[in-house]
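The values are calculated or read from the model by the stated rules, or taken from the named source; none is laboratory data. Keep in mind that this is a model prediction, so the values were computed, not measured. As a convention, Cβ positions derive from the backbone with ideal geometry for all residues, glycine included, and neighbour counts pool all protein chains shown.
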Ligand code: 26V
């Protein structure tokens, strides 16, 4: 094996999977010799390399192709056989699928991990190194995209026939580098060496129009509208099989890529204008070039709207074609098709389906609308006003003139309905209108998604309640049965079995291998939570995981952290509402206390941060710099004696999460109450035995209900209290004056203790906090600080800590995305899962 550069980490190499697999035996029934031959054949005939010259990446591709073949056998049977046609299919439309690496997903679900390890070992190749050679598919920003990936795994696992539809971005989320503690963005290039999991289908292409005009013709006395787009793009399909648990079912993730109808302008070329000859093609194909890297504010960018329309239109054309082939009549669409809109990003699909039904298939408007609403449902993932999508009417009119007409008509009919129900209520009409007036007219995509769907769901109990009370209050009043809650979940296959094999093995030994199929079996741990042998086994596994993480921290940050210290972890996108700043302030408070009393027996603690900031989000980037500045000072101060360490790990992604989560002791979920819709990292960490310190926000509320008040550290203002404080006008200066600890912390940061090279660096940040503390950091500081002291106290009693940790794992079964998908299936989609 030659030594070409790979992304292999120490942890990848050190990791060992569970001894037992799905059947309780090492990959029962797999013919290792045959598998080895298949890998070798792929290496020779598909990669074109010999074992002697193959790089780790070559071995990865060969292994992935061999595994893919086994998936494809089942895939083809399910998709091509007439009698296997499911009664109803789900189409999950999402602009983001944050899937990460796929090799271990496939191996684990097929029960092939150990056999593949053995097959490769016989060739002198290490599976863990091969695993590290796969680039992360980072086709998402954060929670919303990762949820879509977990849902794909769960739909395949419990047998919900489904297609995921998205965009095959050439460049996923930017790579985060650090220069002198500041975030730097670098392009991501996951496709540069090809993608062995995908099947290109250049023959599956759909025309996508933009611009032009609408022609109105007389069709036997009725007006008929024909959209004549000025510009055409082709959407081309790339398919990835998604194999579920035990390989019993395979779904499809179909990602669209933009292709120019004309590869080159020969006229321009012949004139000698070589750049101009390619200009149109480059412009058109830019639609699927990059994932929008910001979950900050997507509004207004024309390219983003083009992305949304291309993928929505291609997906609808594809599913309509399939439906007509299968059933011949679009009026039965809702009987056989459920379309889930993952946030408002695909909601242009609502007028697009209307256009297909009315303009292209001549259905009467009312009937088309009934079909549309019965087919669509919509998930809301954030209440933050700045995150609610809206598009300028002028842009929509220029790019999608027919859709704009349809939107006006939908709006007129909705408003008429509302007037009928609540005559004279003009404020109501303004609030539910699809068109936002004033400050330039805009189309509200949230309202479009809401009125075009039969069900609208929030992602945690609290979030759903707040949806009813705030953004959708009036729409909820008019459609009181439409909003429903579906608390998020995570796939335990990736977030426990694959990423934490040591712990998984102990759990299997304790409650039986059936736990891999039935997470509620984790509850059998409850009576064993005080069992010292179990506690010690889990502690030892966690310690080994921490050792692996420590090696990565040493590699990447050049800091040694003590695996016996408490690993206090905050990993997520950097946003003011998620309050990484609160965590840093507490870090400084501990640091101050240590300097004041250097010889006290301080509890060893490591603060670990990771997460990306949107490139344009100045404050978030400054918070990253502050974390790095604090790390630099704290880690090198001899008075601290190494008892407090701070590390900001660069380039947080799915693969890094898979290493950090199994190594965490404490999970930071400290958003301003009412602002985090759900959170899913909170679930992953609690499942892996970390205790949560958190506010009563998002799914933290339900985690608390499941694990019990004694096994979680809850602090701070509730959503209601946050609301009340904001209404009254919150005085941060008074809060700081009342807290000597906080005052000292802010003074130190403001005075440049952590930025001696540029003492004024944080003046604005601190003054800003005092003038307008929009996220109530100062209001919650004392409560947070006190909660951290409760953490210390419990950590000192290892048996009590491990008891709580086990109780957490034991009660997390409900947060499996299999449960979530089961609820979507029965209460939104009306689909019966065939398995599980
Ligand atoms: C967040 C923000 C924050 C401030 C400014 C603008 C802005 C725009 C978008 C977003 C989040 C986009 C949607 C999203 O990713 N939501 C996340 O969805 C997860 C899955 O449901 C959920 O667990 C997270 O709580 C939620 O933030």
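Laid out as a table, the results:
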quantity	calculated
Options 607, 621; residue that is farther than 16 Å from residue 570 by Cβ, touching a strand residue (DSSP E or B) at 6+ places or on another chain (Cβ under 7 Å) and either surrounded by 20 or more Cβ atoms within 10 Å (Cβ to Cβ) or touching a residue at least 24 places away in the same chain (Cβ under 8 Å) (or both)	621
Every residue from the stretch 560-581 that is in contact with a strand residue (DSSP E or B) (Cβ under 9 Å, 6 or more places away or on another chain) and not in a loop (DSSP other than H, G, I, E, B)	566, 567, 568, 569, 570, 571, 578, 580
Subset of the stretch 106-140 [within 21 Å of residue 169 (Cβ to Cβ), surrounded by fewer than 24 Cβ atoms within 10 Å (Cβ to Cβ) and touching a strand residue (DSSP E or B) at 6+ places or on another chain (Cβ under 9 Å)]	136
Any hit, the stretch 464-478, residues being within 21 Å of residue 346 (Cβ to Cβ), assigned to a helix (DSSP H, G or I) and within 16 Å of the ligand (Cβ to nearest atom)	yes
Residues located in the stretch 643-682, provided they are in contact with a helix residue (DSSP H, G or I) (Cβ under 8 Å, 6 or more places away or on another chain), more than 16 Å from the ligand (Cβ to nearest atom) and not in a helix (DSSP H, G or I)	643, 644, 645, 646, 647, 648, 649, 650, 664, 665, 666
Residue ID - nearest to residue 369 (Cα to Cα), chosen from residues in the stretch 320-344 that are part of a loop (DSSP other than H, G, I, E, B) and in contact with a strand residue (DSSP E or B) (Cβ under 8 Å, 6 or more places away or on another chain)	344
Qualifying residue in the stretch 705-712 (condition: touching a strand residue (DSSP E or B) at 6+ places or on another chain (Cβ under 9 Å), in contact (Cβ under 8 Å) with a residue 12 or more places away in the chain and within 14 Å of the ligand (Cβ to nearest atom))	no
Candidates 205, 262 - the one that is surrounded by fewer than 23 Cβ atoms within 10 Å (Cβ to Cβ), over 26 Å from the mean Cα position of the chain (by Cα), touching a residue at least 12 places away in the same chain (Cβ under 8 Å) and not in a strand (DSSP E or B)	262
Selection status of residue 173, within 16 Å of the ligand (Cβ to nearest atom) and part of a loop (DSSP other than H, G, I, E, B)	yes
Residue in the stretch 305-318 that is modelled with pLDDT of 95 or more, assigned to a helix (DSSP H, G or I) and within 16 Å of the ligand (Cβ to nearest atom) present	yes
Top-ranked residue in the stretch 386-401 [being in a loop (DSSP other than H, G, I, E, B) and either within 16 Å of the ligand (Cβ to nearest atom) or out of contact with any strand residue (DSSP E or B) (no Cβ under 8 Å at 6 or more places or on another chain) (or both); ranked as nearest to residue 575 (Cα to Cα)]	388
Residue in the stretch 375-385 that is modelled with pLDDT under 95, within 16 Å of the ligand (Cβ to nearest atom) and outside any loop (DSSP other than H, G, I, E, B) present	yes
Any chance residue 299 is within 16 Å of the ligand (Cβ to nearest atom) and modelled with pLDDT of 95 or more	no
Filter result for residue 175 (out of contact with any helix residue (DSSP H, G or I) (no Cβ under 6 Å at 6 or more places or on another chain) and modelled with pLDDT of 95 or more)	yes
Tabulated pairs, the stretch 48-61, first free of Cβ contacts under 8 Å to residues at least 24 places away in the same chain, second buried (at least 16 other Cβ atoms within 10 Å of the Cβ) and assigned to a loop (DSSP other than H, G, I, E, B), C-beta under 6 angstrom, 6+ apart or interchain	58/49
Sole exception among (1) more than 16 Å from the ligand (Cβ to nearest atom); (2) modelled with pLDDT of 95 or more; (3) more than 30 Å from residue 520 (Cα to Cα); (4) more than 21 Å from the chain's Cα centre (by Cα) for residue 727, by number	(2)
Residue tally, condition outside any helix (DSSP H, G or I) and over 25 Å from the mean Cα position of the chain (by Cα), over the stretch 492-536	4
Unmet requirement for residue 439, which otherwise passes all of (1) more than 16 Å from the ligand (Cβ to nearest atom); (2) part of a helix (DSSP H, G or I)	(2)
Sole residue being within 16 Å of the ligand (Cβ to nearest atom) and outside any loop (DSSP other than H, G, I, E, B), chosen from 741, 778, 692	692
Residue within the stretch 483-497 that is buried (at least 19 other Cβ atoms within 10 Å of the Cβ), at pLDDT 95 or above and over 30 Å from residue 675 (Cα atoms) present	yes
Selected residue (only one of 475, 434, 429, 462 is buried (at least 19 other Cβ atoms within 10 Å of the Cβ) and more than 27 Å from residue 308 (Cα to Cα))	462
Where residue 370 falls short, out of the listed (1) away from the ligand (no atom under 16 Å from the Cβ); (2) under 21 Å from residue 92 (Cα atoms); (3) not in a helix (DSSP H, G or I)	(3)
Identity of the residue in the stretch 180-204, in contact with a helix residue (DSSP H, G or I) (Cβ under 9 Å, 6 or more places away or on another chain) and modelled with pLDDT under 95, that ends up nearest to residue 287 (Cα to Cα)	204
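Okay, residues lined up against (1) over 27 Å from residue 667 (Cβ atoms); (2) not in a helix (DSSP H, G or I):
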residue: 753; (1), (2): yes, yes
residue: 770; (1), (2): yes, no
residue: 789; (1), (2): no, no
residue: 794; (1), (2): no, no
residue: 805; (1), (2): no, no
residue: 808; (1), (2): no, no
